[in-house]
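Here the structure comes first, spelled out in structure tokens, and everything after it is commentary.
The values are calculated or read from the model by the stated rules, or taken from the named source; none is laboratory data. As the structure is a prediction and not an experimental result, all values here were calculated from the model. Using ideal geometry, Cβ is built from the backbone for each residue, glycine included, and neighbour counts are taken over all protein chains shown. Quick note on the areas: whole protein, heavy atoms, side chains included, nothing else; ligands and nucleic acids left out. Shrake-Rupley method; radii C 1.70, N 1.55, O 1.52, S 1.80 Å.
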Amino acid sequence: MTIHLCLVSAQATPNLTPLMDPATRPDEVILAVSADMAQRADWLEQVIRPRGIRLQRWRIDNPFDIQATREQILNQLSEHPRHDRFILNATGGTKPMSIAAYEIFRDFALPIFYVHPELDRLIWLHPKEQPAIDLADRLKLEDFLAAHGAGLQGRAQRQGLNPQQRDICHYLIEEIDRFSRPLRSLNWLANSAENGLRSKPLTELGQLDADLELLIDRFAANGFVQLKDQRLVFASEDDRFFVNGGWLELYVFDLCTQLRQQGPMQDLARNIQVRRHQRGQPVRNEIDVAALVDNRLFLLECKAKKWQGQGPGADALYRLDSLKDLLGGLNARAMLVSYQPLPDHDRQRGADLRIDLAAGRDLQRLKEKLKSWFWP
């Protein structure tokens, strides 16, 4: 029987991944929790309990006081009937918590490990002669997000492109220079059909562009829309979504699905609806495409629309930055994929926020870019 003592912090993944690997899975977990981390502990417990691992908590009253924390952990450990079976996961907690727990476990000659956040590797701090362990990638997106306080609304979607969808996606990417401008008008028409599946008249666009007519004909030939009385008519909301830029989300998801056959990727989904609570109020967010690689979250936002002024690009980038930190912790990564070229100020903002960008002609090499992004 083994017992992991985990120090709860804002970073859930290093406490969770050793519990999922059969080589390191304990029989029991004790969470050392300060008052400000109680909710984080709740989220962890929601993921751990269904796996049949026994759980309890040790309260830490003064997480920034080494001596007080040392006394609390020492008292709890000394009174536990199986204290000789303990293993310390020293990755989380405050630094004083980690130092106090480390000192006690060294005094008791008990094992101590640390989870390297980027390599997803369990490294032994004591005794040091034990070999490191590359942790198994057992987490799925649903559990990963739950451990970070996000509940899924409905089911994450994992179906990809059908042949007709793939045909038009490849056509749009191959002819990106030609269709960048007319696609903006097509998006406007499809967006105007949100209620009722009938767009505003094409005459409201003024003189019709020949390339826009070609685009409409191509979508119609593949069965996504009909042109009736100078309006676009969609058979379903799914078709309208696809024409209104949803094709790019599906295209990116399809590329990720292909890459999943070439390298280790433990989970992949698109159009994920999540709900979090912020200041007691439910907050809903949508994730276009998400992947888990080496227990690390990758988020992709896909935009086919035109960027106008200072607002939309900044909003998308700040939203991505916020979701990256909230849902994935310090090691999560995010990318904005845009069919339209990005203005220089948005490119600079993306660099400042450490968000990767793929825009305009970059999409013609997107598969290679994604491969090096997932596996640097």
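Tell me, how many Å apart are the Cα centres for segment 31-74 and for segment 80-95?
What the calculation gives is 11 Å, centre to centre.
Is segment 265-376 rounded, prolate or oblate when judged by the Cα gyration tensor, a ≥ b ≥ c being the square roots of its eigenvalues, rounded requiring a/c under 1.5 and prolate requiring a/b larger than b/c?
It comes out oblate by the Cα gyration axes.
Using a 1.4 Å probe over the heavy atoms of the protein chains, calculate the carbon and sulfur portion of the accessible area of the chain as a whole percent.
Heavy-atom surface of the chain belonging to carbon and sulfur, 1.4 Å probe: 45 percent.
Tell me, what is the Rg over Rh of the chain, with Rh the Kirkwood radius over Cα pairs?
Looking at the chain, the ratio lands at 1.08.
Listed highest first by mean packing, meaning other Cβ atoms within 10 Å per residue, what order do 267-280, 153-166, 31-44 come in?
Ranking, from highest mean packing down: 31-44, 267-280, 153-166.
With both bridge residues required to lie in the chain, what share of the DSSP beta bridges run antiparallel, to the nearest 5%?
Antiparallel: roughly 50 percent of the beta bridges in the chain.
State whether segment 170-283 is rounded, prolate or oblate according to the following rule on the C-alpha gyration tensor (a ≥ b ≥ c being the square roots of its eigenvalues): a/c under 1.5 gives rounded; otherwise a/b larger than b/c gives prolate, and the remaining case gives oblate.
Since a/c reaches 1.5 but b/c is at least a/b, the shape of segment 170-283 is classed as oblate.
Which one of LEU259, LEU326, THR203 has its Cα pushed farthest toward the positive end of the charge dipole of the chain, where Lys and Arg give +1 and Asp and Glu give -1 at the Cβ?
Most positive-ward Cα: THR203.
Order the peptides 252-264, 205-217 from the highest to the lowest mean number of other Cβ atoms within 10 Å of their residues.
252-264, 205-217
What dipole magnitude, in Debye to the nearest 20, does segment 226-287 give about its Cα centre under +1 on Lys/Arg Cβ and -1 on Asp/Glu Cβ?
360
Using only the heavy atoms of the protein chains and a 1.4 Å probe, how would TYR171, TYR114 rank by accessible area, largest first?
TYR114, TYR171
For the chain, with only Lys/Arg (+1) and Asp/Glu (-1) charged at the beta-carbon, what is the dipole magnitude about the Cα centre, in debye rounded to 20?
Charge dipole of the chain: 300 debye, to the nearest 20.
Any idea what the relative contact order of the chain is, in percent, if you count C-alpha pairs under 8 Å spaced at least 6 apart?
Here the relative contact order equals 13 percent.
Can you work out the Karplus-derived ³J(HN,Hα) for every residue in segment 73-84? Use 6.51 cos²θ - 1.76 cosθ + 1.60 with θ = phi - 60°, whole Hz, and x for glycine or proline.
Ordered by residue, 3J(HN,Hα) equals 5, 4, 5, 5, 5, 5, 7, 6, x, 10, 5, 6 Hz.
Please list 3J(HN,Hα) in residue order for segment 166-177, calculated via the Karplus relation 6.51 cos²θ - 1.76 cosθ + 1.60 where θ = phi - 60°; whole Hz, with x for glycine and proline.
5, 4, 6, 4, 4, 4, 5, 6, 4, 10, 5, 5
Put +1 on the Cβ of each Lys and Arg and -1 on the Cβ of each Asp and Glu in segment 209-257; which of ASN244, LEU232, LEU212 then has its Cα farthest toward the positive end of the dipole?
About the Cα centre, the residue reaching furthest to the positive side is LEU232.
Roughly how big is segment 147-275's charge dipole about its Cα centre, with Cβ charges of +1 (Lys, Arg) and -1 (Asp, Glu), in debye to the nearest 20?
460
Would you grab the residues whose amide H sits under 5 Å from the one on ILE112? Only those 5+ places off in sequence or on another chain, please, with H modelled 1.01 Å from N.
Those qualifying (amide H under 5 Å, at least 5 residues apart or on another chain) are LEU88, LEU125, HIS126.
Taking the solvent-accessible surface of protein heavy atoms with a 1.4 Å probe, what is the per residue accessible area of the chain in Å²?
47
Work through the residues other than PHE241 whose Cβ is under 10 Å from its Cβ and net out their charges, Lys, Arg +1 and Asp, Glu -1.
Taking every other residue near PHE241 into account, the sum is -4.
For the chain, what does the helix formula give at 222 nm: sum of -39500 (n - 2.57) over DSSP H segments with n ≥ 4, over the residue count, nearest 500 deg cm²/dmol?
Rounded to the nearest 500, it is -12000 deg cm²/dmol.
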